[in-house]
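K.L.:
Below you'll find the structure I mean.
The values are calculated or read from the model by the stated rules, or taken from the named source; none is laboratory data. Small disclaimer: the values here were computed from a predicted structure and weren't measured. Methodologically, a virtual Cβ is constructed for each residue, glycine included, from the backbone with ideal geometry; neighbour enumeration extends over all protein chains shown. In case anyone asks, the SASA skips ligands and DNA or RNA and just uses the protein heavy atoms, side chains included. Shrake-Rupley method; radii C 1.70, N 1.55, O 1.52, S 1.80 Å.
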Amino acid sequence: MNFKSLAIGALVGVSMVFGSVNVSASPVNTDSVSTLANTNQTLNLRIGDRHDFHGLVTILYNPQFAILVEGKGQVVKGLQPGKASVQVKYSDGTYSYCNIWVE
C-alpha cells in the first residue's frame with residue numbers, strides 16, 4: 001500500500017467523524033519547503049567528491065561499495081561508480097532518505 005492510499009484513507013476516515021473534507025489528487029512538491037521535509041532526495045557524486053549531510057548517516061544499501069561515510073558519520077565520499085541509499089538522522093530528531101549515484 002502506498003502513501004497516497006494511506007493519506008486518502010485517513011482523510012476519508014476523518015471526514016466520516018468530523019464532517020466533509022475536500023480531497024485533491026494534485027501532486028505536491030516539498031522540495032521548496034526545506035531539505036528536512038523532502039524524504040526522498042537524490043544526490044549525484046563523482047568519484048572523490050564529498051557531501052556533508054550535517055546529520056548522522058547510516059548506509060542502507062551499498063552493494064557495489066560506491067560510497068564511504070567519513071567525518072564522524074556525516075560526510076559521504078564517492079568511491080566508485082554505483083548506487084547507494086542512506087538514512088540521515090538530524091539533531092532535531094527528523095530523518096531523511098537519500099539515493100546516491102556515483103559516476
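K.L.:
Heavy-atom accessible area of residue 56 with all protein chains present, probe 1.4 Å, nearest 10 Å²?
P.N.:
100
K.L.:
Using a 1.4 angstrom probe on the protein heavy atoms only, line up 53, 65 by accessible area, largest first.
P.N.:
65, 53
K.L.:
Let me ask something additional. Using the Karplus curve 6.51 cos²θ - 1.76 cosθ + 1.60 with θ = phi - 60°, work out ³J(HN,Hα) for each residue of the stretch 46-58 in order, rounded to whole Hz, and write x for Gly and Pro.
P.N.:
9, 4, x, 5, 10, 9, 9, 7, 6, x, 6, 9, 10
K.L.:
Report, by chain and number, residues whose modeled amide H sits under 5 Å from the one on residue 79, excluding near sequence neighbours (fewer than 5 apart, same chain).
P.N.:
Sorted by chain and number, the residues that satisfy this are 48, 67, 68.
K.L.:
Between residue 64 and residue 87, what is the label-to-label distance in nm when each label sits 7 Å out along the Cα-to-Cβ direction?
P.N.:
2.4
K.L.:
Just to confirm a number: summing +1 for Lys and Arg and -1 for Asp and Glu over residues other than residue 70 whose beta-carbon lies under 10 angstrom from that of residue 70, what do you get?
P.N.:
Net of charged neighbours comes to +2.
K.L.:
Let me ask something else. Quick check: with the 1.4 Å probe, what order do 67, 47, 59 take by accessible area, largest first?
P.N.:
Largest accessible area first, the list is 47, 59, 67.
K.L.:
Continuing with the same structure: Once R0 is set to 25 Å, what does the formula 1/(1 + (r/R0)^6) return for the Cβ-Cβ distance between residue 95 and residue 49, expressed as a FRET efficiency to the nearest 0.05?
P.N.:
In this case the efficiency is close to 0.60.
K.L.:
Something else: Amide H of residue 64 versus every other amide H placed in the peptide plane: which residues, excluding those fewer than 5 positions away on the same chain, fall under 5 Å?
P.N.:
For residue 64, whose amide H was placed from the backbone, the distant partners under 5 Å are 83.
K.L.:
With all protein chains present, calculate the accessible area of residue 83 using a 1.4 Å probe and round the result to the nearest 10 Å².
P.N.:
About 70 Å², rounded to the nearest 10.
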